[in-house]
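Scroll down for the structure; my scribbles are underneath it.
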Amino acid sequence: MANELTLSNLANDIYVAADVVGREQVGFIPSVTMNADHSRGGLNDSVKAAFTNVAAPVDISQLMTIPEGSTTSIASKSLSLSKSRSVQIPMEADAELQLRNGGQFDSVYGDLIAQAMRALTNEMEADLALAAKEGAGGASGAVGTGPFASNFGALATARSRLQEYGCPTTDLSVVLNGAQGAALRTLGQLTDANRAGSDAFGRQGVLLDLYGMSVRESGKLATHTAGIATGLDIVGADAIGATEIALDGGDSGTILKGDVVKFANDPRKYVLAGNGAAAAGVTLNLNSGLLNATAATEEMVIEAAHTPLSVFHRSALELAVRAPALPQVGDSADDSLIVQDPVSGLVFEVRIYKGYRKSMIEIGATWGVKAWKSDFIHTLVAPL
């Protein structure tokens with residue numbers, strides 16, 4: 001690296017940092033729909049995401065005119081860029097000179113850039129984890145029992161629940177925390193598969209292809225503190241597909257978005273869509289419709305505090321990433337560089353500012369996340 005601090009001289013460190021960080025063990029980012037490019041996006045800007053409606057077959061008619069083909073259409077939804085964040089790395093002349101004289105400048109600056117990108121990546125990962133938790137439609141498992149205490153059955157159950165909502169069985173992902181990833185690795189079935197010479201279940205710390213689902217780990221699966229409510233009984237019977245559940249007069253306490261609930265006569269569990277008070281006349285909203293009709297005065301129980309693991313289809317979650325907004329006339333930056341990792345798709349902008357005997361490198365990104373389809377997201381309840 002030349003003596004002058006420029007992005008041209010730092011380019012190799014920047015691209016290496018993006019390459020390294022883009023391949024680290026994040027669970028959600030490689031599993032969701034990525035909407036990223038080199039264009040700029042302002043805070044709270046909307047990014048359009050194209051999608052296709054469900055196709056409806058029609059009878060074939062023998063006509064002299066070509067049909068309009070109106071049964072399938074391409075539409076778009078808007079995703080808001082809700083965060084614009086950066087990590088700023090200052091460097092005073094004395095500190096820089098000491099690093100250069102000691103031959104450590106290249107390695108230290110490379111590490112600083114990688115750490116900055118890692119910090120932004122971890123925030124994106126945490127935002128996706130929260131969106132998955134709050135946007136899930138169904139749930140399974142119990143707080144008192146780890147999902148992988150003895151076998152892979154919890155994943156088979158989760159897959160089955162997704163299928164009940166019509167979720168495709170290709171491109172499914174599972175994201176576990178470190179504790180449950182360790183539990184899965186020590187199962188006898190997994191160990192036996194590895195002894196037999198198959199490495200399909202474990203490469204580079206990623207567990208793959210269990211029941212046709214890619215299994216990854218994330219350090220950003222936060223625990224869910226459940227609402228505290230007692231005496232939860234519903235007023236009347238609700239049909240299959242219902243998402244609004246009315247409570248009767250004996251209910252009290254609070255409910256929280258992302259709470260997992262179970263009805264007495266239904267083996268399945270569901271996820272609540274919003275915060276509120278548990279009281280007479282209050283209507284609770286489920287993210288996905290009931291798969292079993294409820295009866296009048298049927299009891300509803302909230303799952304205790306837990307760690308929400310996630311099982312989902314790629315199309316259910318989206319991450320949009322852009323370079324941060326900039327005035328048309330530019331700003332006081334001496335130089336800038338937008339980099340995109342070709343594997344993860346993550347986009348970062350690096351800008352260098354020069355002051356009085358001091359410089360500052362800024363690594364920034366603007367992003368937003370969205371859970372598009374609750375039916376295709378499932379929470380797997382695990383102990384804290």
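Values for this structure:
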| item | result |
| --- | --- |
| Matching residues in region 345-360 - criterion: being surrounded by fewer than 23 Cβ atoms within 10 Å (Cβ to Cβ) and not aromatic (Phe, Trp, Tyr) | Gly345, Glu349, Ile352, Lys354, Gly355, Arg357, Lys358, Ser359, Met360 |
| Cβ pairs under 6 Å, 6+ apart, first in region 89-103 and under 27 Å from Leu120 (Cα atoms), second of a type in the set (A, V, I, L, M) and surrounded by 11 or more Cβ atoms within 10 Å (Cβ to Cβ) | Ile89/Leu112; Ile89/Ile361; Pro90/Met360; Leu99/Val108 |
| Residue tally, condition at pLDDT 95 or above, more than 18 Å from Ala305 (Cα to Cα) and in contact with a helix residue (DSSP H, G or I) (Cβ under 6 Å, 6 or more places away or on another chain), over region 140-162 | 0 |
| Verdict on Leu290 being outside any loop (DSSP other than H, G, I, E, B) and either over 25 Å from Ala222 (Cα atoms) or of a type in the set (Val, Ile, Thr) (or both) | no |
| Members of region 210-259 found to be charged (D, E, K, R) and surrounded by 14 or more Cβ atoms within 10 Å (Cβ to Cβ), listed by number | Arg216, Glu217, Lys220, Asp233, Asp238, Asp248, Asp251, Lys257, Asp259 |
| Residue in region 323-340 that is free of Cβ contacts under 8 Å to residues at least 40 places away in the same chain, touching a strand residue (DSSP E or B) at 6+ places or on another chain (Cβ under 8 Å) and aliphatic (A, V, I, L, M) present | yes |
| Test for Ser80: is it in contact (Cβ under 8 Å) with a residue 60 or more places away in the chain and either exposed (fewer than 15 other Cβ atoms within 10 Å of the Cβ) or touching a Gly at 6+ places or on another chain (Cβ under 8 Å) (or both) | yes |
| Counted residues, region 62-78 - those being modelled with pLDDT under 75 and touching a Ser or Thr at 6+ places or on another chain (Cβ under 8 Å) | 4 |
| Boolean, Thr157 is in contact with a strand residue (DSSP E or B) (Cβ under 6 Å, 6 or more places away or on another chain), assigned to a helix (DSSP H, G or I) and among the hydroxyl-bearing types (Ser, Thr, Tyr) | yes |
| Unique match (being of a type outside the set (Val, Ile, Thr), touching a Leu at 6+ places or on another chain (Cβ under 9 Å) and outside any helix (DSSP H, G or I)) among Ala75, Ala139, Ala131 | Ala139 |
| Number of the condition not met by Pro30 [criteria: (1) modelled with pLDDT under 90; (2) not in a loop (DSSP other than H, G, I, E, B)] | (1) |
| Test: residue in region 335-344 that is at pLDDT below 90, under 27 Å from Leu162 (Cβ atoms) and buried (at least 18 other Cβ atoms within 10 Å of the Cβ) | yes |
| Of the criteria (1) touching a residue at least 12 places away in the same chain (Cβ under 8 Å); (2) exposed (fewer than 11 other Cβ atoms within 10 Å of the Cβ), which one Ile66 fails | (1) |
| Which listed residue, of Ala119, Ala114, is touching a residue at least 12 places away in the same chain (Cβ under 8 Å), crowded, with 17+ Cβ neighbours inside 10 Å and part of a helix (DSSP H, G or I) | Ala114 |
| Identity of the residue in region 146-164, in contact with a His (Cβ under 9 Å, 6 or more places away or on another chain) and among the aliphatic types (A, V, I, L, M), that ends up surrounded by the fewest Cβ atoms within 10 Å (Cβ to Cβ) | Leu162 |
| In region 361-384, residue surrounded by the fewest Cβ atoms within 10 Å (Cβ to Cβ) [restricted to those that are assigned to a loop (DSSP other than H, G, I, E, B) and not charged (D, E, K, R)] | Leu384 |
| Single unsatisfied condition, Pro90 versus (1) surrounded by fewer than 15 Cβ atoms within 10 Å (Cβ to Cβ); (2) part of a helix (DSSP H, G or I) | (2) |
| Among the residues listed as Gly258, Gly274, Gly249, the single one being in contact with a helix residue (DSSP H, G or I) (Cβ under 7 Å, 6 or more places away or on another chain) and small (Gly, Ala, Ser) | Gly258 |
| Any hit, region 285-294, residues being on the phi < 0 side of the Ramachandran plot, among the hydroxyl-bearing types (Ser, Thr, Tyr) and in contact with a helix residue (DSSP H, G or I) (Cβ under 8 Å, 6 or more places away or on another chain) | yes |
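The values are calculated or read from the model by the stated rules, or taken from the named source; none is laboratory data. Every value quoted in this text rests on a predicted model; they were computed, and no experiment measured them. Using ideal geometry, Cβ is built from the backbone for each residue, glycine included, and neighbour counts are taken over all protein chains shown.
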